[in-house]
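Asks: Take a look at this one; I'll ask things after.
The values are calculated or read from the model by the stated rules, or taken from the named source; none is laboratory data. Not measured: the values here are computed from a predicted model. Here the Cβ positions follow ideal geometry from the backbone for every residue, glycine too, while neighbour counts run over all protein chains shown.
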């Protein structure tokens, strides 16, 4: 019996134990991860292309035209809605990204794999320490290098994982890695996105206007009421969503918070009945329907456009040397590469050693270490927090862009190297499971696991 087959057999019993860390998810969760993987992988490729295009343009003889396009103001004066194209991408398009994140989070905790507290504990704790440890590393490096108090404002820059880039790296490495690793990465990234947007709302709100914030509750409540009653016509929900976004933006809180709130307002559980005007049945998973509709828009349009306007930093003419002479650059790179590993891998290892949670026998700690390295790929939210910390277009913001690109690239190379070695060991097992499918299209390994839990 080969090593992967032996580990499969050894892990069969442990998968029924809810305390197993990174155990194989159920078949519905595996399908959801596969769907997200396809979309986010394509989005990651588009995101990379957009970032490269911005870098090339910003370092070409036509760099002034890039800056002019990014800073071109459009909109109306009411509610501070006359913004540059760069700000529209950061405040407007990223709200779609966080709306999808809110949908994912609610589905996972109410009807998904994480509805069981024992299963939710590990990725939530790993995400929390994956935020805390990079922040501490950032602060420690700034202080060690004699940085200024102003530079400490960037402590939250390296805290979030870019799921599109991370899953794209996994796809490039190979498809034989366990679904449990992908599911864990997806869940962890969603949770730390939520933590990141909470940090933005609390620590990066410079002034707060209570009147528009309270008024935002009206369209938000109407949106939630209609969605709960399965009244999902776009001409009803879109104006309410835009009104919520505009009022939250006018309040001084970053407008992407509105995206999360709207996502959390969408129902995932069935109702006893729905109005006759509803186009959906009472048992429809509205959150999954919205996620399926909006994930391609988020991954393929919203995030790449933001990346295009956010990553165009000029490094020719001494810009690169100046960036790496800055304590902020060194701190961000160290926090992404070292801080994320310390937080994610360290917390998972401690949970396995000092609680009832145990690593699934079908996995190795090397798998977890490689995954922890990939969580150091920070891009979308890191660039956003950099702008909020130091101001878009400032010298420090440019240094942050260089640091995020360098740190993410280094984390991707290191994590990819580790997991590529592990991928070869998993390929044989993947081939066995791919051929072990019943006529109903569900792999036997998932059905055997379900039967084992029912017998237990």
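Asks: Please go through the stretch 341-377 and pick out each residue that is more than 29 Å from residue 44 (Cβ to Cβ), assigned to a loop (DSSP other than H, G, I, E, B) and in contact with a strand residue (DSSP E or B) (Cβ under 9 Å, 6 or more places away or on another chain).
Replies: Once the filter is applied, which keeps residues that are more than 29 Å from residue 44 (Cβ to Cβ), assigned to a loop (DSSP other than H, G, I, E, B) and in contact with a strand residue (DSSP E or B) (Cβ under 9 Å, 6 or more places away or on another chain), the stretch 341-377 yields 357, 361.
Asks: Now, a different point. Could you run through the stretch 205-240 and say how many residues are touching a residue at least 40 places away in the same chain (Cβ under 8 Å), under 25 Å from residue 289 (Cβ atoms) and surrounded by 13 or more Cβ atoms within 10 Å (Cβ to Cβ)?
Replies: The total comes to 10.
Asks: Right, here's the next one. Of these, 23, 70, 63, which one is over 28 Å from the mean Cα position of the chain (by Cα) and modelled with pLDDT of 60 or more?
Replies: After ruling out the rest, the residue left standing is 63.
Asks: Mind telling me which of the residues 157, 195, 132, 142 ends up being in contact with a helix residue (DSSP H, G or I) (Cβ under 7 Å, 6 or more places away or on another chain) and closer than 24 Å to residue 296 by Cα?
Replies: None of the other options fit; the residue is 195.
Asks: Okay, moving on. When the stretch 200-245 is examined, which residues are found to be under 19 Å from residue 384 (Cα atoms) and part of a helix (DSSP H, G or I)?
Replies: Matches in the stretch 200-245: 200, 201, 202, 203, 245.
Asks: Determine whether residue 294 is under 24 Å from residue 115 (Cα atoms) and at pLDDT 95 or above.
Replies: In short, no.
Asks: Also, quick follow-up: When residues of the stretch 154-176 are filtered for being over 30 Å from residue 355 (Cα atoms) and modelled with pLDDT of 95 or more, how many remain?
Replies: Selection size over the stretch 154-176: 3.
Asks: Which one of 339, 370, 376, 343 is touching a residue at least 24 places away in the same chain (Cβ under 8 Å) and within 15 Å of the chain's Cα centre (by Cα)?
Replies: Result: 376 is the single residue among 339, 370, 376, 343 that is touching a residue at least 24 places away in the same chain (Cβ under 8 Å) and within 15 Å of the chain's Cα centre (by Cα).
Asks: Identify, from the list 62, 88, the residue that is closer than 16 Å to residue 383 by Cβ and without any contact (Cβ under 8 Å) to a residue 40 or more places away in the chain.
Replies: 88
Asks: Criterion first (in contact (Cβ under 8 Å) with a residue 60 or more places away in the chain, within 28 Å of residue 315 (Cα to Cα) and surrounded by 23 or more Cβ atoms within 10 Å (Cβ to Cβ)) does residue 55 satisfy it?
Replies: So residue 55 does not fit the description; no.
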